[in-house]
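One structure below.
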Amino acid sequence: MKINPFKFGTIVDGPYFTNRSEEIKKVKSILLSDNHLIIISPRRFGKTSLITKVIKEIGRPFIFLDLQLITNTEDFAAQLLKRVYRVYPFEKIKQIIKGFRIIPNISINPLNNEVDISFQPVSSGLTLIEDVLNLIERVGDKKKKLIVVFDEFQEIKNIGKELDRQLRSTIQHHQNINYIFLGSQESLMRDVFEKKKSPFYHFGYLLPLNKIPRQEFLKYLSVGLESVSPKPEEIAKEILEITKSHPYYTQQLGFNVWELLNNTKKLKNPVEDTVGEIIRHHDMDYERLWNTINRTDMKVLIGMSLSEITPLSSEFSKKYFTGASSTIFSSLKRLTQNGLVIKTEYGYEIDDPFFKRWVNKRRLR
């Protein structure tokens with residue numbers, strides 16, 4: 001039985017991982033030093049897959065915490081401590097916890113055998129953070145440093161007042177940990193790490209993660225499609241023409257095209273047929289999304305769907321009635337923060353190529 005060589009929607013590794021050889025080399029070098037790492041890229045560009053692959057290869061323990069799912073400072077401390085229990089044995093931790101200024105509530109969930117941890121609300125949760133972070137430093141091993149990954153780190157300012165300042169003042173003294181900060185909103189991440197007044201100013205090596213080079217993706221797709229098509233490179237080129245080498249959507253389209261070809265080899269236009277099926281499948285999702293967008297942003301998205309004109313140009317403004325350049329810039333900023341538009345080395349583009357096709361199709365029908 002043939003196995004689909006493409007994978008999307010989860011962390012990818014092994015044969016599903018595409019290239020990134022230079023980035024792997026750079027990340028390894030940083031994690032084998034005493035430095036910390038900051039990675040900025042749009043969502044679904046493969047930040048987590050890259051980090052996971054490197055950590056596995058160097059064989060180091062790690063903790064991963066997504067700050068988008070953290071509600072306040074107490075929750076931050078509790079979730080971080082919960083992940084410490086997954087890495088280190090209870091006996092190694094309990095003596096240190098006895099010295100906490102505020103003792104957490106710890107219990108075992110009988111349904112999944114996971115440790116559940118919570119802290120009572122306090123006037124200032126910063127002492128909780130300090131105690132938990134220093135515990136991590138104490139249980140760490142200088143010879144096999146723990147790696148602590150904070151995903152969507154730009155959310156730090158929304159979790160607790162002065163949390164970023166307290167976090168920096170504590171972890172700057174740590175010797176047994178490499179910290180990795182991942183973020184998908186470039187402007188906010190650069191505010192955190194590039195502004196001189198920020199507590200995290202130049203705290204680590206900043207690595208922007210761009211799209212996978214087209215030629216590398218073309219080779220990867222062609223090899224994967226060989227088992228289901230006599231013209232794999234031709235189909236691979238069609239896929240990349242639609243996805244513009246976006247890592248997630250390229251894998252998604254590759255997966256679905258492979259499935260279609262594997263089951264129905266006589267199709268004349270497998271890529272277009274697959275794109276049409278994906279758009280039909282997500283039609284209601286796209287319609288709900290569209291109804292949440294204001295009129296100015298709608299005009300910008302329509303213009304970006306129907307043409308390749310740069311949205312900040314006067315030509316774009318005249319053709320799609322989007323108003324002054326300052327209005328378009330504000331719209332692009334909103335759309336970027338909402339994840340509908342991404343900014344790459346080539347400029348602004350709609351993140352989801354299938355949503356772009358949906359807008360185009362609705363507009364022209």
Mean separation of Cα contacts under 8 Å (6+ apart) over length of region 160-243, as relative contact order %: 17
Charge dipole of the chain built from unit charges on the beta carbon (Lys, Arg +1; Asp, Glu -1), centred at mean Cα; most positive-end Cα among 296, 218, 126 is 218
Rounded to whole Å², per residue accessible area for the chain with a 1.4 Å probe reads 51
Put +1 on the Cβ of every Lys and Arg and -1 on every Asp and Glu Cβ in the chain; which of 348, 55, 276 then has its Cα farthest towards the positive end of the dipole? 348
Alpha-carbon Debye profile of region 53-110, log10 I(q)/I(0) at 0.17 Å⁻¹: -0.71
Point-charge dipole on Cβ atoms (K/R +1, D/E -1) for the chain, about Cα centre, debye to 20: 340
For the chain, what % of the accessible area comes from carbon and sulfur atoms, probe 1.4 Å? 51
Total charge dipole magnitude, region 310-365, about the Cα centre, Cβ charges on Lys, Arg, Asp, Glu only, Debye to nearest 20: 380
Quote the FRET efficiency, to the nearest 0.05, computed for residue 214 versus residue 165 with a Förster distance R0 of 35 Å and r equal to the Cβ-Cβ distance. 0.25
FRET efficiency for residue 314 and residue 285, using Cβ-Cβ distance with R0 set to 45 Å, rounded to 0.05: 0.85
Net charge near residue 22, counting Lys/Arg +1 and Asp/Glu -1 over other residues with Cβ under 12 Å of its Cβ? +2
Considering the options 329, 364, 305, tell which one lies farthest towards the positive end of the dipole of region 254-365, charges being +1 on Lys and Arg and -1 on Asp and Glu at the Cβ, about the Cα centre. 364
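Just how large is the dipole of region 243-365 about the Cα centre, in debye to the nearest 20, putting +1 at every Lys and Arg Cβ and -1 at every Asp and Glu Cβ?
Around 400 debye, computed over region 243-365.
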Mind sorting out which of (i) 23.3, 69; (ii) 21.3, 69; (iii) 19.4, 59 is the real Rg and Dmax of the Cα atoms in Å computed from the coordinates? (i)
The aspartates and glutamates whose Cα lies under 18 Å from the Cα of residue 333, excluding any fewer than 8 residues away in the same chain, are 152, 155, 186, 191, 297, 345, 349, 351, 352
Which loop GluC sites (Glu not before Pro) in region 81-174, with loop taken from DSSP, have no more than 15 other Cβ atoms within 10 angstrom of their Cβ? 114, 162
Can you pull the Kirkwood radius for region 1-104, inverse mean 1/r over Cα pairs, to one decimal in Å? 16.7
Anchor residue 47: lysines whose Cα lies under 17 Å away (excluding residues fewer than 8 positions away in-chain): 7, 25, 26, 28, 56, 211, 343
By average Cβ neighbour count within 10 Å, what is the ranking of 336-346, 286-296, 211-221 from highest down? 211-221, 336-346, 286-296
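Can you tell me the relative contact order of region 81-127? Whole percent, Cα pairs under 8 Å, sequence separation 6 or more. Spell out each step's value before the answer.
Numbers: 30 pairs, mean separation 15.5, N = 47.
The normalised contact order for region 81-127 reaches 33 percent.
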Calculated FRET efficiency, residue 120 and residue 98, Cβ-Cβ r, R0 22 Å, to nearest 0.05? 0.80
So for region 222-314, if I pair up every lysine 8 or more residues apart or on another chain, how many of those pairs have alpha-carbons under 21 Å apart? 7
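The values are calculated or read from the model by the stated rules, or taken from the named source; none is laboratory data. Just so you know, these numbers come straight off a predicted model, no measurement behind them. Ideal geometry is used to build each Cβ from the backbone, glycine not excepted, and the neighbour counts take in all protein chains shown. Remember, those area values only see protein heavy atoms, side chains included, never the ligands or the DNA or RNA. Shrake-Rupley method; radii C 1.70, N 1.55, O 1.52, S 1.80 Å.
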